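Trainee: Got a structure for you, written out below as structure tokens; questions coming shortly.
The values are calculated or read from the model by the stated rules, or taken from the named source; none is laboratory data. Here the structure is a predicted model, which means the values were calculated and not measured. For neighbour counting, all protein chains shown are included, and Cβ atoms are generated from backbone atoms with ideal geometry for every residue, glycine included.
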Amino acid sequence: MNGVTSNHAKKFKTSLNDYSVRHKDDTGPYAQNLEVDALIVGGGFAGIFMLKTLRDRGYKAVIYEAGNDLGGTWRWNCYPGAGVDSEVPEYEFSWPEVWKTWNWTSNYPTYQDLRDYFDHVDKVVGIKKDCAFNTVVVGAHFDEKEGLWVIQTEDGRTAKAKFLILGTGFAARRYIPNWPGMDKFKGVIHHSSFWPDEHVDVKGKRCAVIGTGASGVQIVQAWGPEAADLKVFQRTPNLAVPMRKRNLTVKEQEESKKYYPEMFKYRETSFAGFTYDWYEKNCFDDTPEEREAFYEKVWKDGGFRFWVSLYKDQLYDAEANKESYRFWAKKTRDRIGDPRKRDLLAPLEMPHFFGVKRPCLEYNYYEQFNRPSVDVVDIRDNAIKGFDETGITLEDGTHYEFDVIAVATGFDIVTGVMTQLGLKSINDTKLEEEWVNGARTYLGTTVNGYPNMFHIYGVHGPTLLSNGPTTVEVQGRWIADCMDKVTRNNIKYINPKLEAAKEWKNRVVEINNKTLFPTTRSTYMGGSIPGKVYEPVCYAAGVNIYAKEIRKALDNMEGFELVKA
């Protein structure tokens with residue numbers, strides 16, 4: 001990213017505040033004392049969807065974005081090999097004026113493709129004129145007397161809005177472990193989500209990738225063919241599945257566009273917001289031969305199908321799940337030549353139930369380890385102790401020397417996004433303190449004590465278990481309809497009732513407890529931040545059921561306290 005770092009002593013950028021830049025122009029969205037109907041935080045899919053939707057309904061709305069351009073994740077994520085793991089056209093806005101005039105180069109766009117797409121969205125819909133970039137929100141509280149949110153930014157601006165909408169998603173708070181000596185390292189080091197917007201040359205260099213989540217897998221695929229030596233530090237193997245990436249022609253896309261309106265409706269009727277869904281049978285309804293043939297077909301089709309398009313008891317029945325893992329391990333182990341690497345990357349014994357950690361999509365990740373220059377370093381029981389000028393030392397004293405290090409340790413997932421904004425409730429408590437012992441929301445879109453505040457693709461929604469744009473549009477329309485209801489009925493503000501929030505939390509936990517998710521510490525259970533509470537953060541019954549539940553609540557507004565103007 002561009003932007004001026006506010007802390008020159010830092011070895012590399014570690015905080016959103018590092019991107020705050022005082023804008024020369026203090027008019028429009030950059031005004032010192034901005035007053036709008038709705039202030040939207042975040043300029044990715046969620047923020048853009050809300051801005052256009054609200055503008056179309058006559059609201060004055062503005063986006064505050066910490067980055068220097070539109071695209072959210074896709075402006076930040078510019079590390080080597082970065083791309084999306086949802087397929088297009090499911091992974092795009094359903095607006096006809098946008099998709100009718102746009103075609104992709106492949107079914108799984110790279111980050112650059114997505115940046116181009118957001119530029120196209122801006123050209124067609126006009127988003128940037130209502131955005132303030134390099135604008136980091138550091139505080140917000142609701143004035144009950146005025147019925148307005150008062151929002152502060154890092155560079156000292158203040159805004160007032162009747163509605164505050166957090167389009168901040170699930171991954172805006174980076175997690176960088178506190179390893180001693182990181183600042184001493186003399187080589188090049190970056191966190192995957194704070195990657196500089198320029199090429200980092202690794203040709204002929206000794207490289208490290210720490211972490212094997214989605215970004216780790218993608219960096220390995222990009223660096224494997226180039227680096228002189230690549231060490232991949234792995235705590236848990238990634239049970240990644242084949243992407244089946246292919247080029248798309250303009251002709252085939254134009255011909256299929258007649259189905260798009262139906263397809264965009266249809267994606268909201270499945271569990272994960274795609275145009276495919278669970279198989280109608282349970283695993284052991286089929287004979288072993290039928291199972292094998294079924295797995296083969298789904299594997300060949302690729303993508304997240306070999307996760308959320310398997311037997312319908314895949315996430316509920318331990319024995320059924322083991323069958324999926326057995327097939328995955330067989331297919332994956334066949335691709336890795338070295339027995340030691342094979343056992344670390346695709347062990348015969350399942351490290352956790354298949355799919356209870358979000359699988360990544362890959363196209364040649366496992367083949368990288370067939371290169372003599374690429375190795376996997378197991379740090380499950382021999383963790384990283386620290387850094388020095390030349391590299392990394394493990395607990396047992398083993399030292400590795402590097403020229404370039406990629407820290408791919410992910411995020412304070414889902415909840416961390418909202419707790420970093422300095423949000424203060426009407427009870428004078430801070431959200432980051434309230435949620436220390438567990439998050440609480442109502443409907444996965446609102447929070448008790450924070451009137452007229454909404455969040456999208458975050459805590460207690462289908463979020464990480466779903467295709468982003470699908471959930472964004474389901475929740476975004478709901479939020480706009482809720483705001484219309486408030487406006488039409490002359491309501492000053494709505495505040496979710498504490499009892500309703502408790503019930504929703506219980507519902508999220510109850511759904512989750514029927515699945516295999518609680519068996520493993522994962523992003524679905526709050527992530528791996530040390531000391532963070534172990535609890536479900538996503539709604540696990542599917543986008544289709546979620547949409548019905550939140551609509552029912554909106555019909556009668558019974559979970560909200562309504563304060564008239």
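Trainee: Search region 140-161 for residues that are closer than 17 Å to Lys430 by Cβ and pair each with any residue that is exposed (fewer than 14 other Cβ atoms within 10 Å of the Cβ) when their beta-carbon atoms are under 6 Å apart and the residues are at least 6 apart or on different chains.
Mentor: Val150/Asp143
Trainee: Now for a separate question. Test Glu97 against the stated conditions and say whether it is at pLDDT 95 or above, crowded, with 21+ Cβ neighbours inside 10 Å and not assigned by TED's automatic domain parsing to the domain that holds Val136.
Mentor: no
Trainee: Tell me the residue from Asp343, Asp313 that is under 25 Å from Tyr546 (Cβ atoms), over 25 Å from the mean Cα position of the chain (by Cα) and not basic (Lys, Arg), please.
Mentor: Answer to the selection: Asp313.
Trainee: Being in contact (Cβ under 8 Å) with a residue 12 or more places away in the chain, part of a helix (DSSP H, G or I) and not polar (S, T, N, Q) is the filter here; which residues of region 219-262 pass it?
Mentor: Ile219, Val220, Ala222, Trp223, Val250, Glu254, Lys257, Tyr260, Pro261, listed by residue number.
Residues checked against (1) surrounded by fewer than 18 Cβ atoms within 10 Å (Cβ to Cβ); (2) closer than 30 Å to Pro237 by Cβ; (3) of a type in the set (Gly, Ala, Ser); (4) assigned by TED's automatic domain parsing to the domain that holds Gly303:
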| position | (1), (2), (3), (4) |
| --- | --- |
| Val472 | no, no, no, no |
| Asn512 | no, yes, no, no |
| Val533 | yes, yes, no, no |
| Asp555 | yes, no, no, no |
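Trainee: Still on this model: Say whether the condition of being assigned to a loop (DSSP other than H, G, I, E, B) and in contact (Cβ under 8 Å) with a residue 24 or more places away in the chain is met by at least one residue in region 289-300.
Mentor: Looking for residues that are assigned to a loop (DSSP other than H, G, I, E, B) and in contact (Cβ under 8 Å) with a residue 24 or more places away in the chain, one finds none in region 289-300, hence no.
Trainee: Restricting to region 388-408, count the residues that are surrounded by fewer than 22 Cβ atoms within 10 Å (Cβ to Cβ) and either part of a strand (DSSP E or B) or modelled with pLDDT under 95 (or both).
Mentor: 7
Trainee: Among the residues of region 208-257, what is the count of those that are among the aromatic types (Phe, Trp, Tyr) and within 20 Å of the chain's Cα centre (by Cα)?
Mentor: 0
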